[in-house]
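**Student:** Before I ask anything, let me first share the structure, which is written out below as structure tokens.
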Amino acid sequence: MKTGIKVADAMTNKPVSISSDCSVTECAKLMRKYKVGSLLVKDENQVLGILTEKDFVEKILAKGKNPNDMIAADIMEKNLITIEPGRDIYEAMMEMRNSDIRRLPVEENGKIIGFLTMKDILKIEPQLFDLLVEKIELREEMLKPTKSEHREEGVCESCGNFTYDLQEDAGVKLCFDCRAN
């Protein structure tokens, strides 16, 4: 499904960038100052990676690390997925959806010239939101237990112990230990 709108028409032309040795605390301050959810990490004119809000959560906060002891290079994502400016925003949305990302650096002739976010696309083509919802619903369905995985709490009919992991096995409700034996 082509929209007729090119990535170049929706992208940010001047993404906020920082050097790889910038402190993580300073990175957070810049993100707040410019009201952005990500930064391009560069040394001179070479883009080395991207730093997103998700990196702060997964690589610092969730691991109990001190942000004052870290620099951008410590937490940035080095494996960039990029898109060309002439591609349709539908293709960009599908790339983001399939890669489970919300931001794409825009690359032309080996050089990053802009930045496209999910928000940029949805401002222009809100009907593409349905593609995202579909992916989220599928992912959540995969996390829910299926009927064959259904577990309940109760008393094991073999050993008599209470368990939160009671499953039926050959018509008998058993705990994990009794099922394993």
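The values are calculated or read from the model by the stated rules, or taken from the named source; none is laboratory data. Not measured: the values here are computed from a predicted model. Every residue, glycine among them, receives a Cβ derived from its backbone with ideal geometry; neighbour counts consider all protein chains shown.
**Student:** Which residue, of VAL57, VAL41, is in contact with a helix residue (DSSP H, G or I) (Cβ under 6 Å, 6 or more places away or on another chain) and among the aliphatic types (A, V, I, L, M)?
**Tutor:** The unique qualifying residue is VAL41.
**Student:** State whether the residues of the stretch 110-123 include one that is over 30 Å from THR3 (Cα atoms), assigned to a strand (DSSP E or B) and over 20 Å from the mean Cα position of the chain (by Cα).
**Tutor:** Within the stretch 110-123, not a single residue is over 30 Å from THR3 (Cα atoms), assigned to a strand (DSSP E or B) and over 20 Å from the mean Cα position of the chain (by Cα).
**Student:** Quick one: in the stretch 96-109, which of the residues that are in a loop (DSSP other than H, G, I, E, B) and among the charged types (D, E, K, R) is modelled with the highest pLDDT?
**Tutor:** ARG102
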